[in-house]
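Colleague: Mind looking over this structure? Questions follow.
The values are calculated or read from the model by the stated rules, or taken from the named source; none is laboratory data. Just so we're clear, the structure is a prediction, and the values are computed from it rather than from any experiment. FYI the Cβ positions are ideal-geometry reconstructions off the backbone, even for glycines, and counts take in every protein chain you see. SASA here: full protein model, heavy atoms, side chains in, ligands and nucleic acids out. Shrake-Rupley method; radii C 1.70, N 1.55, O 1.52, S 1.80 Å.
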Amino acid sequence: MIRIYNTLSKRKEEFIPLEEGKVRMYVCGPTVYNLIHIGNARPMIFFDTVRRYFEYRGYEVNFVSNFTDVDDKIIKKAIEEGVPAEEISQRYIAECKKDMEGMNIRPATTHPLATQEIDGMLDMISTLMEKGYAYEVNGTVYYRTRRFADYGKLSHKNLDELQGGNRALLVSGEDEKDDPLDFVLWKPKKEGEPYWTSPWSDGRPGWHIECSVMSKKYLGEQIDIHGGGEDLIFPHHENEIAQSEACSGKEFARYWMHNAFLNIDNHKMSKSLGNFFTVREISERYDLQVLRFFMLSAHYRSPLNFSAELMESSKSALGRILTAADNLRYIAEHAVRGTLNEEESAKLEEAGKLITQFETAMDDDFNTADAIAAVFDLVKYANTNASEGSGSLFASALLAQLQKLCDILGIITERKEELLDEDIENLIAERTAARKAKNFARADEIRAQLLEKGIILEDTREGVKWKRA
Ligand code: AMP
Ligand code: ZN
């Protein structure tokens, strides 16, 4: 039985899907105006792991995660660069997908784009107007928050608290709304902005309506799990509930899951604070598997502080897993085949208990920290029980167990041959030294070795430059 902490009820609940054997899951994706930072990577890595675990447990998972490709920040960047907004969003969607691949995050079943779903948004806004949940003022459409009786149920606040406590709700340019708590569903374009025609104005949708529409289109009116970072609880998810439930009259999502922040020096890592590292920057120093491992080493509802020390210890911890897998692989290939002896069978059964330990941790609200502890117990067990004297079958069975658990966490047990920037720089320095010493054979060898890995060297007056092919 899988139990999930539900932000809605503030407690762990047994997971019961709407439809047996199936999971419908929606996770809010990034706004694409820049390279993603490692704070954005936390929900991506975590929810990818949730999906993998459900699949391991035999569920068919329909996983939808959007790209917000129309937004003030995208428009601002497009104006700065003097290119269409679409060029910015397309570029950063492509870059985000590269980062996801590096972190071994599988593509979602569907990655909808807000700009491709405008018709659905117009429909939903019209329905909200017909039902009296929305009103128009001079081309802007607002959601009438006080009309939705359950408003505040996710963030556990009542309307007066929200209104009193949140000055940010008084957004400039939205002073025509009836109530400070009302939020925008549609807004008129400004000069030079992308726009779509609507019954109310030429303009574009608000952010919240996107997710209500995309989850409805790809998953249906009711979904099992809705996820995202905890900063989205209010107002984004609260507003999604207000929109979707007012429209359908049904409960929108059964389980609301929110990851805690990735912090740096105990502050939320964010673009606006400027205290971030992009995933791309990290990839220049580490294999992104290390980043993935680092993220999963903490429970998703605990804040996680990013530091160089923790990355280094994640690197060596991951290295221990890969070394154990290498050893098992070596034994499996080189030892005598034959059949499992009694002792080996008993040991495999013992190792199986660690699989159960892993499952128990994951069943308990996806406790990846404890699940990783079970993986290390298995690594230790393999290291002490498999040796060159072991049979091939025994080693390959242990390897299969280890691989199974690593697969759920999205950790690849084979070492990548890929060269990191640091290794490249070191080889280039060695080549320069070899040339100085007139050891041209070694210098050529290094050039050839780098070329084989797709690194092209160029000797210039300012020194050696390199690029990836
Ligand atoms: P954004 O592009 O800001 O809308 O963020 C995309 C996703 O990343 C959302 O689910 C955010 O909650 C999440 N997110 C942003 N910053 C962090 C952070 N520092 N730690 C964890 N999650 C974050
Ligand atoms: Zn959303």
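Colleague: Condition first: away from ligand 1 (no atom under 14 Å from the Cβ) and touching a residue at least 24 places away in the same chain (Cβ under 8 Å). Now tell me which residues in the stretch 17-42 satisfy that. Step through it out loud before you land on a result.
Modeller: Initial filter on the stretch 17-42 (away from ligand 1 (no atom under 14 Å from the Cβ)): 17-24.
The answer is Pro17, Leu18, Gly21, Lys22, Val23, Arg24.
Colleague: Another one. In this structure, is Met311 open to solvent by less than 40 Å² (accessible area, probe 1.4 Å), over 25 Å from Asn383 (Cα atoms) and either part of a helix (DSSP H, G or I) or modelled with pLDDT under 95 (or both)? Talk me through it step by step, then tell me what you get.
Modeller: On the way: open to solvent by less than 40 Å² (accessible area, probe 1.4 Å): yes; over 25 Å from Asn383 (Cα atoms): no; either part of a helix (DSSP H, G or I) or modelled with pLDDT under 95 (or both): yes.
No, not satisfied.
Colleague: May I ask you to list the residues in the stretch 210-232 that are within 10 Å of ligand 2 (Cβ to nearest atom), out of contact with any strand residue (DSSP E or B) (no Cβ under 6 Å at 6 or more places or on another chain) and farther than 21 Å from Gln116 by Cβ?
Modeller: Answer for the stretch 210-232, where residues must be within 10 Å of ligand 2 (Cβ to nearest atom), out of contact with any strand residue (DSSP E or B) (no Cβ under 6 Å at 6 or more places or on another chain) and farther than 21 Å from Gln116 by Cβ: just Leu232.
Colleague: Sticking with this one: Go through the stretch 220-241 and give me each residue that's away from ligand 1 (no atom under 11 Å from the Cβ) and open to solvent by 10 Å² or more (accessible area, probe 1.4 Å).
Modeller: Listed by number, the residues that qualify are Gly220, Glu221, Gln222, Phe234, Pro235.
Colleague: Give the stretch 139-163 a look and list any residue that's under 16 Å from His237 (Cα atoms), free of Cβ contacts under 8 Å to residues at least 60 places away in the same chain and aromatic (Phe, Trp, Tyr), or say none.
Modeller: None - no residue of the stretch 139-163 is under 16 Å from His237 (Cα atoms), free of Cβ contacts under 8 Å to residues at least 60 places away in the same chain and aromatic (Phe, Trp, Tyr), so the list stays empty.
Colleague: Also, I was wondering about something else. Pull up the stretch 45-60, narrow it to residues that are without any contact (Cβ under 8 Å) to a residue 60 or more places away in the chain and surrounded by fewer than 19 Cβ atoms within 10 Å (Cβ to Cβ), then point me to the one that is nearest to ligand 1 (Cβ to nearest atom).
Modeller: Initial filter on the stretch 45-60 (without any contact (Cβ under 8 Å) to a residue 60 or more places away in the chain): 51, 54-55, 57-60.
Remaining after also requiring surrounded by fewer than 19 Cβ atoms within 10 Å (Cβ to Cβ): 55, 57-58, 60.
Working: Glu55: 22, Arg57: 24, Gly58: 27, Glu60: 24 Å.
So the residue we want is Glu55.
Colleague: Still on this structure, please answer the following. Tell me whether the stretch 287-299 contains one or more residues that are in contact (Cβ under 8 Å) with a residue 40 or more places away in the chain, open to solvent by less than 20 Å² (accessible area, probe 1.4 Å), outside any helix (DSSP H, G or I) and in contact with a Lys or Arg (Cβ under 8 Å, 6 or more places away or on another chain).
Modeller: no
Colleague: Can you spot a residue in the stretch 15-32 that is within 16 Å of ligand 2 (Cβ to nearest atom) and among the aromatic types (Phe, Trp, Tyr)?
Modeller: yes
Colleague: Every residue in the stretch 392-450 that is part of a helix (DSSP H, G or I), touching a residue at least 40 places away in the same chain (Cβ under 8 Å), among the aliphatic types (A, V, I, L, M) and open to solvent by less than 70 Å² (accessible area, probe 1.4 Å), please. Walk me through it before giving the result.
Modeller: Of the stretch 392-450, the ones part of a helix (DSSP H, G or I) are 392-409, 421-436, 440-450.
In the following step, the residues that additionally are touching a residue at least 40 places away in the same chain (Cβ under 8 Å) were identified as 392-399, 401-409, 421-422, 424.
Pick out the ones that are also among the aliphatic types (A, V, I, L, M) and you get 393, 395, 397-399, 402, 405, 408-409, 424.
Those that are part of a helix (DSSP H, G or I), touching a residue at least 40 places away in the same chain (Cβ under 8 Å), among the aliphatic types (A, V, I, L, M) and open to solvent by less than 70 Å² (accessible area, probe 1.4 Å): Ala395, Ala397, Leu398, Leu399, Leu402, Leu405, Ile408, Leu409, Ile424.
Colleague: What residue, among those in the stretch 250-281 that are open to solvent by 10 Å² or more (accessible area, probe 1.4 Å) and of a type in the set (A, V, I, L, M), is nearest to the chain's Cα centre (by Cα)?
Modeller: The qualifying residue nearest to the chain's Cα centre (by Cα) is Ile264.
Colleague: Moving on to the next point. Given (1) within 27 Å of Ile2 (Cβ to Cβ); (2) open to solvent by 20 Å² or more (accessible area, probe 1.4 Å); (3) of a type outside the set (Asp, Glu), identify the lone condition not met by Thr368.
Modeller: Just one mismatch for Thr368, condition (2).
Colleague: Going residue by residue through the stretch 355-376, is there one that turns out to be more than 20 Å from Phe54 (Cα to Cα), among the polar types (S, T, N, Q) and in contact (Cβ under 8 Å) with a residue 40 or more places away in the chain?
Modeller: Among the residues of the stretch 355-376, not one is more than 20 Å from Phe54 (Cα to Cα), among the polar types (S, T, N, Q) and in contact (Cβ under 8 Å) with a residue 40 or more places away in the chain, which makes the answer no.
Colleague: Examine the stretch 1-13 for a residue that is of a type outside the set (Phe, Trp, Tyr), under 23 Å from Lys268 (Cα atoms) and away from ligand 2 (no atom under 16 Å from the Cβ), and state whether such a residue exists.
Modeller: Checked against the condition, which is being of a type outside the set (Phe, Trp, Tyr), under 23 Å from Lys268 (Cα atoms) and away from ligand 2 (no atom under 16 Å from the Cβ), the stretch 1-13 yields at least one hit.
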